[in-house]
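Q: Below: one structure in structure tokens.
The values are calculated or read from the model by the stated rules, or taken from the named source; none is laboratory data. All figures in this text were calculated on a predicted structure; none of them were measured in a lab. We place every Cβ from the backbone using ideal geometry, glycine too, and count neighbours over all the protein chains shown. Remember, those area values only see protein heavy atoms, side chains included, never the ligands or the DNA or RNA. Shrake-Rupley method; radii C 1.70, N 1.55, O 1.52, S 1.80 Å.
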Amino acid sequence: MGDASDVPDVFDPRIYAAGIPHDRFRVLRDRAPVARQEESEVLGWPAGPGFWAVTRHADVVRVLKDSESYSSHLGATQIRDPDPADLPFIRRMMLNQDPPDHGRLRRLVSRAFTPGRIERFAGTARDRARELLGAAFADGGEVDLVRAVTDDYALLNLTDLLGIPASDRGLLHTWTERVIAYQDPDEPPVLDAGGRPVNPRSPAMLAGMFGYAQELAAYKRAHPADDVMSVLAASGLADAELEMFFFLLTVAGNDTVRSAAPGGILALAEHPSEQRRLWNGEVAMDTAVDELLRVHPPVLSFRRTAARDTELAGQKIREGDKVVVFHASANHDERVFADPHRLDLGRTPNPHVSFGDGPHVCLGAHFARLQLRVFYEEARAACGGLTLAGPPRRLVSNFINGIKSLPVRPLPEPSAPRS
């Protein structure tokens with residue numbers, strides 16, 4: 001097993017509408033840990049040259065750490081190749097750079113994500129979670145947790161951190177949907193004159209977001225505040241770098257928690273005994289957060305491009321080949337995690353790769369964990385537990401592990417004391 005004709009397909013984004021394809025990933029981990037995948041035409045998007053799917057934990061970590069062999073810069077980080085004319089533009093983003101350029105930008109911006117600044121948002125996030133959950137559970141009936149709680153929770157926390165006025169918060173939702181849901185039939189693509197879908201990361205599609213970023217930065221220079229955009233506006237970033245950071249923070253900063261929060265609740269509802277352990281205070285919340293991130297990683301995959309001829313898990317890879325790591329598979333690798341499909345909220349150690357690894361490990365991981373911890377604590381305080389009231393609706397995407405709808409019903413038993 002090794003070429004695309006006899007291996008399970010893990011490329012087609014429609015597969016993920018039914019959940020992570022654990023059976024397919026298990027076959028790949030056991031029989032073809034670095035497997036050739038066809039890149040067929042799907043949902044109007046053109047066919048591509050194919051790629052290597054990397055599914056074992058050790059190999060995923062190796063690719064993520066070895067930026068000299070596996071580049072983010074050469075072809076960017078999405079599976080599909082960008083338009084060659086757009087590639088220089090896309091490479092301006094820190095996510096699509098290699099050391100040392102990547103490190104320079106990361107160091108420049110990392111001071112905006114100091115633990116102190118993030119912790120100051122904890123109180124606001126807690127109040128917001130309490131308010132949203134209280135309103136959603138007020139009558140004790142069925143509620144769509146995504147629509148009523150988690151979408152607003154993630155978005156409003158991000159806009160507070162960035163310092164975006166309340167009147168402009170809807171813009172972020174629109175921009176995020178356009179970029180994240182571009183494979184989903186519920187988000188019809190923008191078509192060019194020839195009827196072909198336009199890449200949502202192209203300069204034309206991002207012009208409005210970038211114009212807004214420059215206006216906001218100018219305002220923050222004149223009226224600085226305790227927020228991330230005030231720091232970025234005064235950091236000396238070039239205009240193009242600032243625009244790309246705004247894009248990265250708007251999309252990644254919102255969708256990490258937006259995907260992880262309902263995903264964690266779904267996992268808890270599907271494992272009532274573990275939910276009771278959490279509700280009864282029998283497991284540490286920080287440990288539980290990491291286990292919920294392991295079983296429901298916000299990001300399913302990331303792409304690299306081979307910078308030279310190399311070999312991975314015995315498979316020869318040629319310079320220029322696309323190499324795609326699958327976080328969702330690595331997090332369930334039996335070679336690393338005992339009984340990986342069992343939710344164990346006390347699991348330790350837990351070396352999941354839901355926030356990546358190596359030089360590109362998620363810059364906002366601490367902020368995301370804080371929001372998730374607060375959210376689960378307030379959910380525990382708001383009700384006696386949560387049961388599913390219907391099946392979830394998932395995002396059609398091979399990139400983001402999104403949930404579009406999660407019908408739940410709160411249990412009325414007395415809640416645990418507030419943390």
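Q: List, in order, the whole-Hz ³J(HN,Hα) value for each residue of segment 49-58 obtained from phi through the Karplus relation with A = 6.51, B = -1.76, C = 1.60 and θ = phi - 60°; use x for Gly and Pro.
A: For segment 49-58, the Karplus-derived couplings read x, x, 7, 9, 8, 10, 10, 7, 4, 4 Hz, x marking Gly and Pro.
Q: Could I ask something else about it? What ratio of Cα Rg to 2.2 N^0.38 Å holds for segment 79-231?
A: On the way: Rg = 18.5 Å, N = 153, 2.2 N^0.38 = 14.9 Å.
So the Cα radius of gyration is 1.24 times the expected 2.2 N^0.38 Å.
Q: Another question about this same structure. Using alpha-carbon pairs under 8 Å, 6+ residues apart, how would you state the relative contact order of segment 142-246 in percent?
A: Values: 64 pairs, mean separation 25.0, N = 105.
After rounding, I find 24 percent.
Q: So who's got an amide H within less than 5 Å of the one on GLY75, skipping anything under 5 residues away but keeping other chains? H placed 1.01 Å off N, in plane.
A: Close amide H contacts, sequence-distant or interchain: THR305.
Q: Which residue, ALA35, GLY48, ALA154, has the largest displacement toward the positive end of the dipole of the chain when charges sit on each Cβ (Lys, Arg +1; Asp, Glu -1)?
A: Value computed over the given set: ALA154.
Q: Among PHE247, ILE317, ALA234, which residue has its Cα furthest toward the positive end of the charge dipole of segment 205-360, with +1 on Lys/Arg Cβ and -1 on Asp/Glu Cβ?
A: Value: ILE317.
Q: Work out from phi, with θ = phi - 60° and the Karplus expression 6.51 cos²θ - 1.76 cosθ + 1.60, the ³J(HN,Hα) of each residue of segment 225-237, listed in order in whole Hz, and give x for Gly and Pro.
A: Values, residue by residue: 9, 8, 8, 5, 5, 5, 5, 5, 5, 9, 8, x, 4 Hz.
Q: Enumerate the calculated ³J(HN,Hα) couplings along segment 188-205 in order (Karplus 6.51 cos²θ - 1.76 cosθ + 1.60, θ = phi - 60°), each rounded to whole Hz, writing x wherever the residue is Gly or Pro.
A: Here the 3J(HN,Hα) series is x, x, 7, 9, 7, 4, x, x, 9, x, 9, 4, x, 9, 7, x, 5, 7 Hz.
Q: Scan around ILE403 for amide H atoms under 5 Å from its own, H built in the peptide plane at 1.01 Å from N, and keep only partners 5 or more places away or cross-chain.
A: When sequence neighbours closer than 5 places are left aside, the close amide H contacts are LEU395.
Q: Which loop trypsin sites (Lys or Arg not before Pro) in segment 325-419, with loop taken from DSSP, have no more than 13 other Cβ atoms within 10 angstrom of their Cβ?
A: Numbers: sites: ARG335, ARG342, ARG347, ARG369, ARG373, ARG380, ARG393, ARG394, LYS404, ARG418; in loops: ARG335, ARG342, ARG347, ARG418.
Passing both the DSSP loop test and the Cβ count: ARG335, ARG342, ARG418.
Q: Heads up, I need the accessible area for LEU156: 1.4 angstrom probe, whole protein in place, Å², nearest 10.
A: Per-residue accessible area (LEU156): approximately 40 Å².
Q: Right, next: What figure, in Å² to the nearest 10, do you get for the accessible area of VAL143 with a 1.4 Å probe and non-protein molecules left out?
A: The accessible area comes out at roughly 20 Å².
Q: Restricting things to Cα coordinates, could you compute the convex hull volume per residue of segment 189-245 in Å³?
A: Values: hull volume 4.4 nm³, N = 57.
About 77 Å³ per residue, rounded to a whole number.
Q: If DNA, RNA and ligands are ignored and the probe is 1.4 Å, what is the ranking of THR305, THR310 by accessible area, most exposed first? Before the final figure, lay out each step's value.
A: Details: THR305 10, THR310 30 Å².
The ordering from most to least exposed comes out as THR310, THR305.
Q: On to the next question. Find the relative contact order for the chain and round it to a whole percent, using C-alpha pairs within less than 8 Å whose residues are 6+ positions apart. Walk me through the intermediate numbers first.
A: Working: 713 pairs, mean separation 106.2, N = 419.
Taking the mean separation of contacting Cα pairs over the length of the chain, I get 25 percent.
Q: Taking a temperature of 4 °C and a viscosity of 1.567 mPa s, what whole-number D in µm²/s does Stokes-Einstein yield for the chain with Rh from Kirkwood over alpha carbon pairs? Can you show the working numbers first?
A: Details: Rh = 22.1 Å.
Stokes-Einstein gives a translational diffusion coefficient of 59 µm²/s.
Q: What relative contact order, as a whole-number percentage, does segment 27-103 give when Cα pairs under 8 Å and 6 or more residues apart are counted?
A: Values: 72 pairs, mean separation 16.0, N = 77.
Relative contact order here is 21 percent.
Q: Turning to a different aspect of this structure: Run through every distinct alpha carbon pair of segment 112-156 and return the Kirkwood hydrodynamic radius in angstroms, one decimal place.
A: Details: mean 1/r = 0.0863 Å⁻¹.
Hydrodynamic radius (Kirkwood, Cα pairs) of segment 112-156 is 11.6 Å.
Q: Which order do LYS220, LYS316 take by accessible area at a 1.4 Å probe, largest first?
A: Details: LYS220 15, LYS316 140 Å².
Accessible-area ranking of LYS220, LYS316, largest first: LYS316, LYS220.
Q: In what sequence, largest accessible area first, do PHE337, PHE302 appear using a 1.4 Å probe?
A: On the way: PHE337 5, PHE302 35 Å².
So, going from the largest accessible area down, we get PHE302, PHE337.
Q: Dimensions of segment 152-290 along principal axes (Cα, Å, largest first)?
A: If we take the Cα atoms of segment 152-290, the spans are 51, 44, 24 Å.
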